[in-house]
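What follows is a single structure, written as structure tokens, with notes after it.
The values are calculated or read from the model by the stated rules, or taken from the named source; none is laboratory data. On a predicted model such as this, the values are computed, not experimentally measured, just so you know. Cβ placement follows ideal geometry from the backbone for every residue including glycine, while neighbour counts extend to all protein chains displayed. Keep in mind that these areas ignore ligands, DNA and RNA; they rest on the heavy atoms of the full protein, side chains included. Shrake-Rupley method; radii C 1.70, N 1.55, O 1.52, S 1.80 Å.
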Amino acid sequence: MEPIRNILRHKKRAVRFYEAEATKIDYEKKIVYAKDDSDIKGDTMETEVPFDMLVVGVGAENATFGIPGVREHACFLKEVGDAQRIRKQIMDCVETATFKDQSQDEIKRLLHMVVVGGGPTGVEFAGELQDFFQEDLLKWIPQIKDDFHVTLVEALPNVLPMFSKQLIDYTESSFKEEHIEIRTKTMVKHVTDKYIEAEISKPDGTKAIEKIPYGLLVWATGNALRPVVKDLMSQIPAQKNARRGLEVNEYLVVNGTENVWAVGDCAVANYAPTAQVAAQEGAFLARLFNTMSKTDAIETELRELSAKQGTAKPEDRTVILNEITERQRQLRRVKQIGPFQYSHQGSLAYIGAEKAVADVSWFSGNFASGGTMTYLFWKSAYLSMCFSTRNRVLVCFDWVKAKFFGRDVSRE
Ligand code: NAD
């Protein structure tokens, strides 16, 4: 993660940043209502931020499809707090499983790590979790060797549907080698504190319900709308039929508005809700706003020059006229910004055991690859996506630290 304040301190213009939750956007009144989420309670915990122009980039929350028990018992994978909760729960499971006189059935349950959702989030997490077990946990607590078990549950017939068949097969066979079980055609219908209930489609076409006990449950079944976005959509008549997020036009303006833009997972622009799309949309909006500010400045200059021309002496008029022509040329150049066009660089996912899969489109050709070289490519791609040199160095140090001294297994 990159602290926003670290980005802002390098900006020349004054920017005000509030780390707070936007609880409601009033489109008519042009006000964002914000709430301070800190644990320390100040005298003012809520405020209003008026706006002329607004960019909504609040992302999405975890989809649970209303499946009972998910919110209460599963861990998610979106915020840093989710990762901390997962780490604590893994260690709780391991310590409780090794507690004196624990029954064998309970040990098996506690050490069963279930990941629901075979998209890139679920696959990458299952791979990383097995790595954590192989590279660290086993060294610390060798007695869990035969009972620690990672299972990936997916409702569809295969995992990673956005990758080519070849890479799906490669992922599935790598998982087999790493002893990660993949259970496809298995749709979770109900979750309790100790087991999940899933509907399994058998090869003969019949269905059965199975109870799968777990110690840790990680839920990664995709994105859902955040309430603040749902509420904003309800205020804009043109968004009446939108289901997946704020529908935007080719300039990322929210349909039915003139002064609201949306980017990333909360916007529907017919692209997948990926970081790659969000990053390109953000860069486009930055260009668009820079253009708008340059346009404003040139238009003001043009107005001033026209006024000056009316009162100028005849000998000065030609100079002013030349300046006007030059500004008009500049204005045309600046205004030439076209609509947003997404350029797909490919899909990339880590699958554990220092292997990754990549479907990359380069030089107008597609190339699919999997293995250790792809893993190094994956690492360098992630490094290049860090915003600052500071972050790149910190991430490199973290990787080196984990390689030599293992991952941190402390519970708090
Ligand atoms: P996803 O929507 O890609 O996958 C969710 C999976 O969960 C689906 O395959 C679905 O069939 C399955 N599922 C849904 N309900 C289920 C149930 N009840 N029981 C069993 N399975 C169920 O979600 P994601 O993996 O969280 O990814 C979200 C977005 O973020 C995607 O667009 C993805 O491409 C992107 N992403 C990309 C990367 C990467 O490029 N490496 C990594 C993480 C996320």
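Brief remarks on what is shown
- Under 11 Å, Cβ to Cβ, from residue 74 - net charge with Lys/Arg +1 and Asp/Glu -1: -1
- Of the trypsin sites (Lys or Arg not before Pro) in the range 196-292, the ones in a loop by DSSP (not H, G, I, E or B) with at most 11 other beta carbons within 10 Å are 240, 243.
- Pairs of lysine residues in the range 315-412 - Cα separation under 22 Å, sequence separation of 8 or more or cross-chain: 5
- Taking a sphere under 9 Å around the Cβ of residue 225 and counting the other residues whose Cβ falls inside, with K and R at +1 and D and E at -1, yields a net charge of +3.
- One compactness figure for the range 89-227 is 1.09, namely its Cα radius of gyration divided by 2.2 N^0.38 Å.
- As a ratio to 2.2 N^0.38 Å, the alpha-carbon radius of gyration for the chain is 1.23.
- Assigned charges on the beta-carbon of Lys, Arg, Asp, Glu; the chain dipole about Cα centre (debye): 1180 debye
- Expressed per residue, the C-alpha convex hull volume of the range 295-401 stands at 167 Å³.
- Compared with the dominant principal axis of the Cα atoms in the chain, helix 389-405 is inclined by about 10°.
- For the range 190-306: Kirkwood Rh in Å [reciprocal of mean 1/r, alpha carbons]: 18.4 Å
- Accessible surface of the range 191-272, 1.4 Å probe, proportion on carbon and sulfur as whole %: 48 percent
- Using θ = phi - 60° in the Karplus curve 6.51 cos²θ - 1.76 cosθ + 1.60, the 3J(HN,Hα) couplings for the range 94-107 round to 5, 5, 5, 5, 9, 5, 4, 6, 5, 6, 4, 4, 5, 4 Hz; x is entered for Gly and Pro.
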